[in-house]
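Report on the following structure.
Bear in mind these aren't lab numbers, they're just calculated from the coordinates by the rules spelled out. Note that the structure is predicted; figures quoted are calculated from it, not measured. All Cβ positions, glycine included, derive from the backbone under ideal geometry; neighbour counts span all protein chains shown.
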Amino acid sequence: MHGLTAQSPNNFQKPCLCILALDVSGSMAGAPIIELNMALEGFYQSINNDDEAAEKLEICLITFGSEVKCIQEPAKVDNFKMPSLEADGTTKLVDGIRLAIKQVELRKEYYKKYSPQYSRPMIIVITDGEPDTGQDIFGLSEELKTDMISKKYTLHVIGTTGCNYAKIAQFCPKELIYQLDGLNYSRFFKWLSKSTDEISSGKNFIDISGYNDFMHQSPIN
Amino acid sequence: MRDWNYLFASVRGKGHIEENISCQDYCSVFPHTGYTICVVSDGAGSCENSHIGSEKVTQFANIHFSGLVEEKKWNKGKKKITLEEWQQVSQKTLKAVRDDLEKISIQGYDFKSLSCTLIVVIQIKNKLLVTHIGDGRAGYCNSNDEWAAMLTPYKGRYSNETVFITSDIWEDETSLNKYIKSVIVEEKIKAFCLLTDGCENASFECYKLDEVTQIPEDINKPFKDFFHENVNLHIPNLIKSQKSQEELNQIWESFLTDGNDTLKNESDDKTMILAVKVPQLES
């Protein structure tokens, strides 16, 4: 380096919120929920082992089955342990996404008070089914359209075996719906842990390298 | 200007290397008679031709700002440059750069796909004339070894959001004054730097958590420990060893690539021009 040397300051890392809205309905029981739990733990470890990611990434976990719950409020990985999910009940998918949007709003209020800048929050939905009947799909569709235009957050839906993509497309833009190959949750979360900057910048998955090793755009595209 | 030496380079960030994307930053130093123009530009990550945009605006900035200096005869030192005048003419000159960029979009590029930021520093006599659109940082070191910023980056709501030369900011004076900031530094200086935001985490104190309130503060100050030894020891040694400009830039490129862990791990493209005064020994 011809003698050139430099120390760098310890700058505050701008926070980046990643909300995982996860389907824990009965159809996820067995191998799917086991794989998903293992993948979430792997995701947690990847973030924990990456100093920069650990300092800026805030994870929020929402589950939807017969009930919708925020099982982990937004927090950095050193402030929580990854919970283990259990599958049961129906699929309150629309309510799950609505709760994710609510969490985005709450956290943005907090950032506006306490952070000079923050990354665009991201919502990632994983489901193997379709929303319960009677859920407000049309209302959610309108809400997502408005929010996408104003760049309130990024949203992607990942479907696995059994997912009704046509139903998902009734509220989510088709280009944001993906199909996971088999139960490749681990590979997805490994890729996600390295791609949060790009997703938060507004890139669709297809514009981020490596995505097609384990998932594809949904069959309705 | 023979006492002044410039190290400048643009290198790809880790993210662009992994994705095999070309560097979207560009920079150059243009020596003229009696003054030097330094330009850095950061192509917008989401715009497919921003690497072309950043290169072109760097060249156009040199053309238009050198034209301005010579028209005003600032390089002859005959007329005092006031801040008010500099603010006014720098906006007009940046508009001319923007219009030239729009002309090349006729060659088949969508204008917005050329989006990039721009920082211009004209070093003239004992002054630095600074103007910029967007983010990035610039700072200087005075003869007491005190470093200070010489621009405030424009940051949008989200990180990585800023304004570009292609943005719709040219319609009215309020907008121009909001997005284009120009300053004059008139101190005895021994070094100055201008950089894209890919270098800011390594070389600037940007935001620091207040230990008591735990609320981040906007510091915007060159980090002395990044620059001090290089400016006072290592770069003077390189200059004294008679390195060519090309060799200096290669050394600088290598330093920006992996000079320390922060530089090495940066995912964004990195550009920095560092100007250092190294008094020449009389022969």
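Couple of notes before you dig in:
- Nonlocal amide H pairs with residue B:25, under 5 Å, H built at 1.01 Å: B:43
- The stretch B:11-123, relative contact order [Cα under 8 Å, separation at least 6], %: 36
- Extension gain, residue A:109 to residue A:45, is 20.2 nm, computed as 0.36 nm per intervening residue step minus the present C-alpha separation.
- Residue-span extension gain [residue B:219 to residue B:88] - 0.36 nm each, minus C-alpha spacing: 44.4 nm
- CD proxy at 222 nm, helix term only [per DSSP H run n ≥ 4: -39500 (n - 2.57); per residue of chain B; nearest 500]: -10000 deg cm²/dmol
- Remark on the stretch B:145-194: hydrodynamic radius 13.4 angstrom, per the Kirkwood mean of 1/r across alpha carbon pairs.
- Simple spin-label estimate for residue B:242 and residue B:17 gives 3.4 nm between the two label positions (7 Å along the Cα-to-Cβ direction from each Cα).
- Vicinal HN-Hα couplings computed from phi for the stretch B:37-49 (Karplus, 6.51 cos²θ - 1.76 cosθ + 1.60; Hz; Gly/Pro x): 10, 10, 9, 10, 9, 10, x, 5, x, 8, 10, 5, 10
- All alpha carbon pair distances within chain B were sorted into 10 Å bins beginning at 0; the resulting P(r) in whole percents reads 6, 29, 37, 22, 5, 0.
- Nitroxide proxy distance, nm - points 7 Å out along Cα→Cβ at residue A:10 and residue B:80: 4.7
- 18 Å reach of a label modelled at residue A:81, 7 Å along Cα-to-Cβ, counting backbone N of the stretch A:30-54: A:37-49
- The loop-placed GluC sites (Glu not before Pro) in the stretch A:7-84, going by DSSP, that have at most 14 neighbouring Cβ atoms within 10 Å of their Cβ come out as A:67.
- DSSP finds beta bridges in the protein assembly as shown, and of those with both partners inside it, around 75 percent are antiparallel.
- The protein assembly as shown: Cα Rg divided by the 2.2 N^0.38 Å rule of thumb: 1.09
- DSSP beta bridges fully contained in the stretch A:4-108 are about 40 percent antiparallel.
- Sequence-separation-based contact order of the stretch A:105-198, relative, with Cα cut under 8 Å and 6+ spacing, percent: 29
- Here the calculated FRET efficiency for residue B:145 and residue A:174, from their Cβ-Cβ distance with R0 = 60 Å, stands at 0.55, rounded to the nearest 0.05.
- Residue A:212 sits among other residues whose Cβ lies under 13 Å from its own Cβ, and their net charge, with Lys and Arg +1 and Asp and Glu -1, is -2.
- Derived scalar couplings ³J(HN,Hα) [the stretch A:182-190; Karplus, 6.51 cos²θ - 1.76 cosθ + 1.60; whole Hz; x for Gly, Pro]: x, 10, 6, 4, 4, 5, 4, 6, 5
- Each Lys and Arg contributes +1 and each Asp and Glu -1, all at the Cβ; summed about the Cα centre of the stretch A:29-141, the dipole is approximately 560 debye.
- The alpha carbons of the stretch B:160-234 give a radius of gyration and a Dmax of 16.5, 47 Å, in that order.
- Two-decimal Rg to Rh for the stretch B:33-119 - Kirkwood Rh, Cα set: 1.04
- Cα convex hull of the stretch A:135-221, projected area averaged across orientations, nm²: 5.8
- Alpha carbon convex hull of the stretch B:138-283, projected area averaged over orientations, nm²: 12.0
- Think of the protein assembly as shown as a dipole: +1 on every Lys or Arg Cβ, -1 on every Asp or Glu Cβ, centred on the Cα centre; then among A:59, B:60, B:152, B:60 lies furthest on the positive end.
- Angle in degrees between helix A:137-149 and the longest Cα principal axis of chain A, rounded to the nearest 10: 20
- For the protein assembly as shown, a crude dipole built from +1 on the beta carbon of Lys and Arg and -1 on the beta carbon of Asp and Glu, taken about the Cα centre, is about 1760 debye to the nearest 20.
- When the helices of chain A are scored as -39500 (n - 2.57) per DSSP H run of n ≥ 4 and the total is divided over every residue, the value at 222 nm lands at -11500 deg cm²/dmol.
- Spin-label model, residue A:213 to residue A:102: label points 7 Å out along the Cα-to-beta-carbon direction sit 3.8 nm apart.
- Each Lys and Arg adds +1 at its Cβ and each Asp and Glu adds -1 at its Cβ; summed about the Cα centre, chain A shows a dipole of about 660 debye.
- For the stretch B:83-170, the convex hull spanned by the alpha carbon atoms encloses 123 Å³ per residue.
- For the stretch B:223-237, 3J(HN,Hα) per residue [Karplus equation, 6.51 cos²θ - 1.76 cosθ + 1.60, θ = phi - 60°, Hz, x = Gly/Pro]: 7, 4, 5, 7, 9, 3, 5, 5, 6, 8, 10, 5, 5, x, 5
- Three-way shape call for the stretch A:101-158 based on the alpha-carbon gyration tensor, with the a/c threshold at 1.5: prolate
- For the stretch B:91-166: lysine pairs under 28 Å (alpha-carbon distance), excluding those fewer than 8 apart on one chain: 14
- The stretch A:120-221: antiparallel DSSP beta bridges as a percent of all, rounded to 5: 25
- Close amide-amide hydrogen proximity is noted between residue A:71 and A:61, A:62, A:63, each under 5 Å apart and 5 or more residues distant or on a separate chain (H modeled in the peptide plane; Pro and chain starts excluded).
- In loop segments of the stretch A:64-124 as defined by DSSP, the trypsin sites (Lys or Arg not before Pro) with at most 15 further C-beta atoms inside 10 Å of their C-beta are A:81.
- Relative contact order [Cα under 8 Å, 6+ residues apart], the stretch A:127-174, whole percent: 63
- Among the trypsin sites (Lys or Arg not before Pro) in the stretch B:1-88, those located in a DSSP loop and surrounded by at most 12 other Cβ atoms within 10 Å of their own Cβ are B:2, B:73, B:78, B:79, B:80.
- Tail fraction, Cα-Cα pairs, chain A, threshold 25 Å, whole percent: 37
- Backbone amide hydrogens, once placed in the peptide plane, bring residue B:150 within less than 5 Å of B:138, B:139, B:140, excluding anything fewer than 5 places away on its chain.
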